[in-house]
1. How do the pairs read when you match residues in the range 189-205 that are in contact (Cβ under 8 Å) with a residue 12 or more places away in the chain and within 15 Å of residue 231 (Cα to Cα) with residues anywhere that are open to solvent by 10 Å² or more (accessible area, probe 1.4 Å) and in a strand (DSSP E or B), using Cβ under 6 Å and keeping only pairs 6 or more apart or on different chains?
2. Out of (1) open to solvent by less than 50 Å² (accessible area, probe 1.4 Å); (2) in contact with a strand residue (DSSP E or B) (Cβ under 9 Å, 6 or more places away or on another chain), what's the single condition that is false for residue 156?
3. (1) modelled with pLDDT of 95 or more; (2) under 20 Å from residue 221 (Cα atoms); (3) within 19 Å of the chain's Cα centre (by Cα): which one isn't true of residue 315, the others all being true?
4. Restricting attention to the range 136-146, and to residues there that are open to solvent by 40 Å² or more (accessible area, probe 1.4 Å) and out of contact with any Ser or Thr (no Cβ under 8 Å at 6 or more places or on another chain), which single residue is nearest to residue 321 (Cα to Cα)?
5. Looking at the range 227-248, which of the residues that are part of a helix (DSSP H, G or I) and modelled with pLDDT of 95 or more is most open to solvent (accessible area, probe 1.4 Å)?
6. Name the residues in the range 39-65 that are in a helix (DSSP H, G or I) and not aliphatic (A, V, I, L, M), would you?
7. Test of understanding: among 260, 271, 303, which residue is under 21 Å from residue 215 (Cβ atoms) and either open to solvent by 40 Å² or more (accessible area, probe 1.4 Å) or free of Cβ contacts under 8 Å to residues at least 40 places away in the same chain (or both)?
8. Which count do you get for residues in the range 21-54 that are touching a strand residue (DSSP E or B) at 6+ places or on another chain (Cβ under 7 Å) and on the phi < 0 side of the Ramachandran plot?
Amino acid sequence: MLRYIEIKRNLTDLVIKMHPGEKLPSRLSLCKKLDTSRVTLDKAIEELRQEGVLYSIKGSGTYVNALIQETVPVTENWGLILPNVMTPVFVEITRAIENFTESKGINLILCNSDEDIEKQENYIRRLTASPVSGFIMIPVVCDDLFQNINVYGRLLETRIPLVFCSRVIPSIDVPVVMINNFYGGYIATRHLISRGYRHIAFVAAHRNNKGTVTGDRCQGYISALMEEGIPVNHRLILIDNSHDIRGAYTALRALLDSGEPVDAVFGINDEICSIVYDAIRDSGKRVSTDVGVIGFDNLASCETMKPPLSSVTYRGMDIGYKAAEILWNTSHNLQPKPDYPYYFCQPQLAVRSSSLGPGLPVEPAESDS
């Protein structure tokens, strides 16, 4: 727990026992009584003044407000910073965190970074200057390692407890709660192999390549191929470096038209699979029958795609709840800092008609026409 919050609570306990209009003891005596510094005491008194617990008269002193009754609640505030509050998997994470904070009586301050490191830094500065006792972040990942260290290193210097979700920042030692991306890539590829597909492409785009996500899912894909003795064809690994997701369409369409054998695609997420569907159809092929497809995240839109998209579940609710639980335990000294800071939620398959097997027709009601 932050020292000034502890002092604020101790000061509140003292104020509760005083009468409305009664003057606080001198700052010096309070520092001695509460065993704290003048700076920390002043910050606690100022917050209680802003909350209406205390009031000050210039040249006279600080007094207990007449509104004080028997108790004064001390509210805890957490900051939650997301890259995009509209992203469906982040909505699940947010909901789970909000459920947890509501149960604990904690105020949750939601901020949207828009994948902009400067905007994120502005939010961090504003929140650290206010009474925030913890952060949960899906951090913006910079290409420059040293910029990452500078940004998040300064936040760590505040000693405010911090938990990351979904993304890892190299060299930043904080708890991270995320989906097991390696295993997700592995089971997605294993599913396609089990259905008879052998020439499986991996498709990702630069804007999806945040932290270690793309690398971990691609390694899972490669491991599944190697386990089955299927040669890894690096021409089938398409990671588009443009910021326009349509670049993935162009790369896959060129691959499909090149004559290179491709009978299935593992898309880095469900969003990119809509582009994969377009590329398959525009090349004169059929989803599932000619080219099987599986995505990642298991969004609601998977059910409405034609044919419905097989996918790997993201488990956003589990990630959000675990992150909140870790922050609560850390900020209240309920558990020691772990030696291994990573917490993985295990994904599962959601199998639908986009990956029935090569040559197998899709049911007419689910056709991709």
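The values are calculated or read from the model by the stated rules, or taken from the named source; none is laboratory data. Owing to the predicted nature of the structure, the values given are computational and were not obtained by experimental measurement. Glycine also receives a Cβ, built like all others from the backbone with ideal geometry; neighbour counts cover every protein chain displayed. We work out accessible area using only protein heavy atoms, side chains counted, and drop any ligands, DNA or RNA first. Shrake-Rupley method; radii C 1.70, N 1.55, O 1.52, S 1.80 Å.
1. From the range 189-205, the pairs are 202/237.
2. (1)
3. The failed condition is (1).
4. Filtering the range 136-146 for residues open to solvent by 40 Å² or more (accessible area, probe 1.4 Å) gives 143-146.
From what's left, out of contact with any Ser or Thr (no Cβ under 8 Å at 6 or more places or on another chain): 143-144, 146.
Numbers: 143: 29, 144: 31, 146: 31 Å.
Going through the qualifying residues, I end up with 143.
5. We begin by selecting, within the range 227-248, every residue part of a helix (DSSP H, G or I); these are 227, 234-236, 246-248.
Then drop every residue that is not modelled with pLDDT of 95 or more, which leaves 227, 234-236.
Working: 227: 106, 234: 131, 235: 150, 236: 8 Å².
Only one residue tops the list, namely 235.
6. Step one: filter the range 39-65 for residues in a helix (DSSP H, G or I), giving 39-50.
Selection gives 40, 42, 43, 46, 47, 49, 50.
7. On the way: 260 fails: under 21 Å from residue 215 (Cβ atoms); 303 fails: under 21 Å from residue 215 (Cβ atoms).
Unique residue meeting the criteria: 271.
8. Applying the first criterion (touching a strand residue (DSSP E or B) at 6+ places or on another chain (Cβ under 7 Å)) to the range 21-54 yields 21-24, 45, 48-49, 54.
Adding the requirement that they be on the phi < 0 side of the Ramachandran plot leaves 22-24, 45, 48-49, 54.
Matching residues across the range 21-54 total 7.
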